[in-house]
1. Identify all residues within the range 19-34 that are surrounded by fewer than 18 Cβ atoms within 10 Å (Cβ to Cβ) and more than 19 Å from residue 115 (Cα to Cα); write none if there are none.
2. Got a number for residues in the range 254-293 being outside any strand (DSSP E or B) and not assigned by TED's automatic domain parsing to the domain that holds residue 221?
3. How many of the residues in the range 88-123 are at positive phi and either in contact (Cβ under 8 Å) with a residue 60 or more places away in the chain or over 16 Å from the mean Cα position of the chain (by Cα) (or both)?
4. Of the residues that make up the range 121-137, is at least one modelled with pLDDT under 95, over 17 Å from residue 215 (Cα atoms) and touching a strand residue (DSSP E or B) at 6+ places or on another chain (Cβ under 9 Å)?
5. Checking the conditions here, which among 85, 70 is in the same structural domain as residue 14 (by TED's automatic domain parsing), closer than 18 Å to residue 293 by Cβ and touching a residue at least 12 places away in the same chain (Cβ under 8 Å)?
6. Determine if the range 24-39 includes at least one residue that is touching a helix residue (DSSP H, G or I) at 6+ places or on another chain (Cβ under 6 Å), under 23 Å from residue 269 (Cα atoms) and in a strand (DSSP E or B).
7. Given the residues 80, 18, 69, 58, which is the only one that is on the phi > 0 side of the Ramachandran plot and within 20 Å of the chain's Cα centre (by Cα)?
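The values are calculated or read from the model by the stated rules, or taken from the named source; none is laboratory data. This structure is a prediction, so every number in the text was calculated from the model and none was measured. Cβ: placed from backbone, ideal geometry, glycine included. Neighbour counts: every protein chain shown.
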């Protein structure tokens, strides 16, 4: 009987990268001769249970196959454990992998997972859930929710553009943002963002100076109210200095409390969540270890 390895694979079976899961198995077993711990899930929300099972079976290195939503579910479970995560970017945007320099190349991603550097990174935490890339409410929440309704599978990254255009005329909501105990913003906001890294979909830097190991959570509020104002805002972001837009305010914080005047949709790492009037966010320093180039 083969000895059980301490390497695990948690795979979203509907996601595709390179030659698929068969190629992944071959690449891993070329170097790991013990029996892999292997779990496949049909949806990312089923991943945490498999992560816990893998940890119980002695997994020390866990390969996560999927997109940012899959990675979020896994980091939320792995936060604070001794296990190391390796990302196999098989999703639509793969923002966490992109920010860490992990390519959408299966053989190279596997090589990084097995032989790369182990880097200890921060996570954000919002309303009890960890996130690796960013979280947002308002415009951002609606954009993610509608892009997830089958549009991402048909249009890829263009789904975010399509759904975004449908919400640029949405009315902003009276919002209060308290940063580390001090009221930082009070007024009408169309979007509130929290960032652990800098780059979002399309290579746009929402938070120009954010780093996933700096011990801070970057916070932004957008007040754009129509197509012209959103065009100016996104134009500034595309040029690399979103904080120079007259419709954007940015700061850094350890803890953030947000109150909305009405129930507002929020998302984290590309996965929509429920409507809420309150958001509690914070940075969790050194919460996860990830293999990077």
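1. 19, 20, 22 - these are the residues of the range 19-34 that are surrounded by fewer than 18 Cβ atoms within 10 Å (Cβ to Cβ) and more than 19 Å from residue 115 (Cα to Cα).
2. Counting residues in the range 254-293 that are outside any strand (DSSP E or B) and not assigned by TED's automatic domain parsing to the domain that holds residue 221 gives 1.
3. First, pick out the residues of the range 88-123 that are at positive phi: 94, 101.
Still in the running and either in contact (Cβ under 8 Å) with a residue 60 or more places away in the chain or over 16 Å from the mean Cα position of the chain (by Cα) (or both): 101.
Adding up the residues that qualify gives 1.
4. Checked against the condition, which is being modelled with pLDDT under 95, over 17 Å from residue 215 (Cα atoms) and touching a strand residue (DSSP E or B) at 6+ places or on another chain (Cβ under 9 Å), the range 121-137 yields at least one hit.
5. It is 85.
6. Checking the range 24-39: at least one residue is touching a helix residue (DSSP H, G or I) at 6+ places or on another chain (Cβ under 6 Å), under 23 Å from residue 269 (Cα atoms) and in a strand (DSSP E or B).
7. Details: 18 fails: within 20 Å of the chain's Cα centre (by Cα); 69 fails: on the phi > 0 side of the Ramachandran plot; 58 fails: within 20 Å of the chain's Cα centre (by Cα).
Just one listed residue meets the conditions, 80.
Here is a yes/no grid of residues against (1) modelled with pLDDT of 60 or more; (2) buried (at least 21 other Cβ atoms within 10 Å of the Cβ); (3) not in a strand (DSSP E or B):
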{"position": "188", "(1), (2), (3)": "yes, no, no"}
{"position": "207", "(1), (2), (3)": "yes, yes, yes"}
{"position": "215", "(1), (2), (3)": "yes, no, yes"}
{"position": "218", "(1), (2), (3)": "yes, yes, no"}
{"position": "228", "(1), (2), (3)": "no, no, yes"}
{"position": "236", "(1), (2), (3)": "no, no, yes"}
{"position": "243", "(1), (2), (3)": "no, no, yes"}
{"position": "252", "(1), (2), (3)": "yes, no, no"}
